[in-house]
Amino acid sequence: MDDWATRGEHAADYDLLLDLAAARAAVGGGARAGLEHALREAVRDGRLGTGTRLPSSRVLARDLGLARNTVADAYAQLVAEGWLTARQGSGTRVAPRPVVAAAKATARPADAPPPPIAPAELVPDAATGLPYSLWPGSPDLSSFPRAAWSAAARRALAAAPNEAFGYTDPRGRPELREALTAYLARVRGVRTDPDHLVICTGYVQGVGLLARALYGRGARRIAVEALGFPDTRTLLRTAGLETVPLEVDGDGARVEHLAGVQAALLTPAHQFPTGVPLSPGRRTAVTGWARGSGALIVEDDYDGEFRYDRQPVGALQGLAPDHVVYAGTASKSLAPGLRLAWLAMPPHLLDAVVREKRLADHHSPVLDQLTLAEFLTSGAYDRHVRRMRQHYRRRRDRLVAALAARAPHVHVSGIAAGLHAVLELPPETGPLSAVVTRARAAGLALSGLPVYGAPPTTPPALVIGYATPPDHAFTGALDRLCDTLACP
């Protein structure tokens, strides 16, 4: 029998159909688990749209015949997972969900239509509306090199040939492909040439192009790390590919479990979100698997330049360039707003990806390509990356030192690299949902490991994006984090 949350004293306490009996049966759990499942389904199928204010815990508990603490705990858990937001004075609302800007899909066989994007699969922006954020996935945007970029743009514009402003090669401008070829060989050990680079409007587009090209060549199953951005899995499924999860441990992805897939997408330099690199033995094993089976590896090297305790490990692509697609981006080194990324393609897949790029948008915007080419060849990019490497290292060191002094029971895991860290919390810290709720009450957005695919049995942990805050807000964000974790 369906249960109803009915209109109460507040305008936001509207009628809400929740099939608790079916939800409890689906999850095989109690009232709280059933309520959480029912609310997730209501968001997933669109009955609860972005920004919708939910009934208060008191009203919903009364209308469903549940204990108020049960409803409050369910709300807190969904806030921790990113489905809901809770803000004093604004109530509990459905969290915003970014729309993945997928390129236009090519025709599919009638018997295998790609599944639609399910909105609930996309990572919500739970940082919206809060003054402080340690949400991962973004660099320090206040450190974008405006003056150096502007100077490079003026030089690039003055030197650009007239034909650059027309329709150009779908692979991208030759100036940028040549500059990237030299840079990637020097810094990341990538073995490619300008003819085999494809410039994309961001990593998201690159993954979409690859997925559609693989599907068109007969691939149906791709392995992905079990922990990672849900958006990536959504993009792959949208192209018609079945995603097969790979367990992640202290040595990175468990690449021994690749039987029956035609491709694997990995983050070898710095796994997101655990922060571990793919071990040397597994690097050898996975490239051997690709050679022996004719399969493809997609290497996501989104922050491979940011290693703080030693020299970065070279790209996996250098071990098997005919079987690895190297995917890089300026989103973490410079800014995601530039929408610049690149794929170093094996020869056998190049034409298929170029065709998908032509169908998607013909080519990426030219002026930013020319500017990045100038930025690279002038040495400004190297100088910026070195400066940001020191900047982020100092931030990570400050995070580790602050936690050691004010919350010594919290363990920072993963290597000293990248733009985020995982904080492992002891049981006495309390439920992860309560930690996230306390942080939000203090104006700080935090991300829990469950957002990125961790099962409920995983010990509680936070994924902290220490690169995200601008300089003026980092101290405040760090103080609020320590205060939150120091709470009993």
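Each reported figure results from applying straightforward, stated rules to the coordinates on display, with no laboratory input. Keep in mind it's a predicted model, so treat the numbers as computed, not measured. Because the Cβ atoms are built from the backbone with ideal geometry, glycine has one as well, and the counts that use them run over all protein chains shown.
Magnitude of the charge dipole for the stretch 342-459, about its Cα centre and with charges confined to Cβ atoms of Lys, Arg (+1) and Asp, Glu (-1), is about 520 debye. Under the simplified labelling scheme, the H362-R220 pair shows an inter-label distance of 3.7 nm, with each label point 7 Å from Cα along Cα→Cβ. Projecting the Cα atoms of A269, G288, V248 onto the charge dipole of the stretch 213-316, computed from C-beta unit charges around the Cα centre, puts G288 farthest toward the positive end.
Its Cα centre serving as origin, the chain has a Cβ charge dipole (Lys and Arg +1, Asp and Glu -1) of approximately 780 debye. Looking at the chain, the DSSP beta bridges with both ends there are about 60 percent antiparallel.
Here the alpha carbons of the stretch 179-319 define both size measures, Rg and Dmax, at 14.6, 42 Å.
Which translational diffusion coefficient, to the nearest whole µm²/s, is obtained for the stretch 383-454 from the Stokes-Einstein equation, given a Kirkwood hydrodynamic radius over C-alpha pairs, 37 °C and 0.692 mPa s?
Calculated translational D: 237 µm²/s.
The stretch between R53 and D471 holds 147.2 nm of extra length on full extension. This uses 0.36 nm per residue minus the Cα-Cα distance. Normalised by 2.2 N^0.38 Å, where N is the number of residues, the alpha-carbon radius of gyration of the stretch 337-387 equals 1.41.
Every helix of 4 or more DSSP H residues in the chain counts as -39500 (n - 2.57), and over all residues that averages to -12500 deg cm²/dmol at 222 nm.
Of the peptides 222-230, 385-393, 252-260, the ranking by mean beta-carbon count within 10 Å, highest at the top, reads 222-230, 252-260, 385-393.
Principal-axis analysis of the Cα atoms of the chain puts helix 68-81 at an angle of about 0° to the longest axis. On a per residue basis, the convex hull of the C-alpha atoms belonging to the chain measures out at 156 Å³. Distance between the 7 Å Cα→Cβ label points at R383 and R68: 6.1 nm.
About its Cα centre, the stretch 270-337 has a charge dipole of approximately 200 debye under the convention of +1 per Lys or Arg Cβ and -1 per Asp or Glu Cβ, with nothing else charged.
Label 7 Å along Cα→Cβ of A159; the stretch 354-382 residues with amide nitrogen under 19 Å? It comes to 366-382, nothing else. FRET efficiency for the pair F144 and D397, taken as 1/(1 + (r/R0)^6) with r the Cβ-Cβ distance and R0 = 30 Å, rounds to 0.85. Legend: calculated FRET efficiency, A404 to D251, from the Cβ-Cβ distance at R0 = 25 Å, rounded to 0.05, equals 0.45. One chain, two ends: Q311 and A182. Fully extended at 0.36 nm per residue, the span grows by 44.6 nm beyond their Cα-Cα distance. Select from V325, T429, F165 the residue farthest towards the positive end of the dipole of the chain; place +1 on Cβ of Lys and Arg, -1 on Cβ of Asp and Glu, and compute about the Cα centre. About the Cα centre, the residue reaching furthest to the positive side is F165.
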